[in-house]
Structure formats: structure tokens, C-alpha cells
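Student: I'd like to ask some things about the structure below.
The values are calculated or read from the model by the stated rules, or taken from the named source; none is laboratory data. Just so you know, these numbers come straight off a predicted model, no measurement behind them. Note that we place each Cβ from the backbone using ideal geometry, even for glycine, and neighbour counts take in every protein chain shown. For the accessible areas, the whole protein counts, side chains as well, though only heavy atoms, and no ligand, DNA or RNA atoms are used. Shrake-Rupley method; radii C 1.70, N 1.55, O 1.52, S 1.80 Å.
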Amino acid sequence: MSARSTAHPSASAPTAGSGPLRIVVVGAGAAGSLVVFHIARLVAAGSAGNSNTAGSAGNSNTAGSGGDRPSVDVTVVDPLDPVSGPAFGTADAAHLLNVPASGMSVVPGERFDFVTWCVDEGLTSPDDATYFFAPRNRWARYLRTRLDEARAATGDRLRVTHVRSTATGISVDASGVRVTTADGSAVVGDRLVLATGLPGVGDGWSPCD
């Protein structure tokens, strides 16, 4: 699995109590969805939120302080659905992962989470699951499942918005980041993650016959 996920270091965090930490994620594929998944886990654990120190992970706006205002506000910019794209958007069950199930867990510290999921889904037997090469679209469904669970565990402390457009430009100043999109609108935030993943696939390399 090859994907690029880069947090922009220049944007400053909001001051304590000024509002939720705003994170813009460019890319809704595997990389971007994993970013949202891990943010959700941090929020659920109470270790992500506003801080008056750039780059820290304090929690000055936890559940119960600020009504229904989330502590983290994530905006994902991508015209595609979550966990789509060249690597995992295929619908063909013959397109398999190039890593066995034991190496594809998304849950830290739980190496065999995807193995267990494959067995529970009836994709393979317990005896064969560790070295089972699952279809890519099944791993995509697994990540979507875990992402939904992680988001549900945050209650009202995390808000995720999907802007279905292509990012066309990025600017940074002292107040944060600004991502412009193909439809002419803009998304602003305090942190930026570039999760653009793999380039588009093609068959230009193949012989004509």
C-alpha cells in the first residue's frame, strides 16, 4: 500500500476556547481515510482537540465544554467516495492485496484485526487467514467499517465534512491554510494533510497487440 500523507507544519493552531481545531485533508482514498480514522481514535480517547500551542495535542475543548461544538472539525476534499481511487476503488474480486491479511490491520497494536474481520466475513478459514491475500475491495470495505465505528465513538466531538471537488490550489499564512477547489470555493483550516496517494493508472505502457 503506497500513499502519501503529509501534515503541513506552517499553520498555527487556534487559541484555547476559540473553536474546534480545523483539519483539511486533501484526498479521500486509503491515505486520507486512515488520517480521519486515526484522528477519530484520538478524539475518542480524549487526546486531540484545541490547544494554544502549535503542534501539540491537548484537549482544552472536550465533550461537555462547548455544548454541541466539536473539538475537531475535519474537511475532506475529494470528488471520489472514501477509500476509492486507483489502489482500492476496484470492484474486481480478482484484484488482490500484495500483502497478506496479517499485515493489513488499521488498528494500532492489533495486528490480526483484519485477519479476524476476514474470518468473520467468511472470506477465508481461520487456518488460512493469516496468509490470506484478500481482494482489494474487501479491504476497502474493512477500512470503511472501522472508520464508521471510530467516528461513532467520538459522539459530537468530531465533525467530518466531505467536499466533493478537486483541490486546485493551497495557500498558507499566519492564520492557517486555504485550499481552493475546482468549483471556485475555498476550504480554510488550521492544519493541512496532503493524502493524494497514487497517480492515476493507465495502460500506455502495454504493447498495442
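Okay, residues lined up against (1) at pLDDT 50 or above; (2) of a type in the set (Asp, Glu); (3) more than 11 Å from the chain's Cα centre (by Cα):
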{"site": "Pro14", "(1), (2), (3)": "no, no, yes"}
{"site": "Ser18", "(1), (2), (3)": "yes, no, yes"}
{"site": "Ala31", "(1), (2), (3)": "yes, no, no"}
{"site": "Phe37", "(1), (2), (3)": "yes, no, no"}
{"site": "Ala40", "(1), (2), (3)": "yes, no, no"}
{"site": "Val83", "(1), (2), (3)": "yes, no, no"}
{"site": "Met104", "(1), (2), (3)": "yes, no, yes"}
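Student: In addition: Does Ser51 qualify as being at pLDDT below 80 and farther than 26 Å from Ala174 by Cα? Steps first, please.
Tutor: On the way: at pLDDT below 80: yes; farther than 26 Å from Ala174 by Cα: no.
Considered against the rule, which asks whether it is at pLDDT below 80 and farther than 26 Å from Ala174 by Cα, Ser51 comes out as no.
Student: Determine whether Leu97 is at pLDDT 95 or above, open to solvent by less than 20 Å² (accessible area, probe 1.4 Å) and more than 30 Å from Val179 (Cβ to Cβ). Talk me through it step by step, then tell me what you get.
Tutor: Values: at pLDDT 95 or above: yes; open to solvent by less than 20 Å² (accessible area, probe 1.4 Å): yes; more than 30 Å from Val179 (Cβ to Cβ): yes.
Judged against the criteria, Leu97 is a match.
Conditions (1) loosely packed, with under 13 Cβ neighbours inside 10 Å; (2) in contact with a Lys or Arg (Cβ under 8 Å, 6 or more places away or on another chain); (3) assigned to a loop (DSSP other than H, G, I, E, B); (4) of a type outside the set (A, V, I, L, M), marked per residue:
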| residue | (1), (2), (3), (4) |
| --- | --- |
| Ser102 | no, yes, no, yes |
| Arg111 | no, no, yes, yes |
| Ala140 | no, no, no, no |
| Val177 | no, yes, no, no |
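Student: In the stretch 163-175, how many residues are small (Gly, Ala, Ser) and exposed (fewer than 15 other Cβ atoms within 10 Å of the Cβ)? Show your work before the answer.
Tutor: Quick first cut of the stretch 163-175, residues small (Gly, Ala, Ser) only: 165, 167, 169, 171, 174-175.
Now narrow it down to the ones that are exposed (fewer than 15 other Cβ atoms within 10 Å of the Cβ): 169, 171, 174-175.
Here the count works out to 4.
Student: Now for a different question. Sort out which residues of the stretch 54-81 are open to solvent by 60 Å² or more (accessible area, probe 1.4 Å) and modelled with pLDDT of 50 or more, and write them in order of number.
Tutor: Asp68, Arg69, Pro79, Leu80, Asp81 - these are the residues of the stretch 54-81 that are open to solvent by 60 Å² or more (accessible area, probe 1.4 Å) and modelled with pLDDT of 50 or more.
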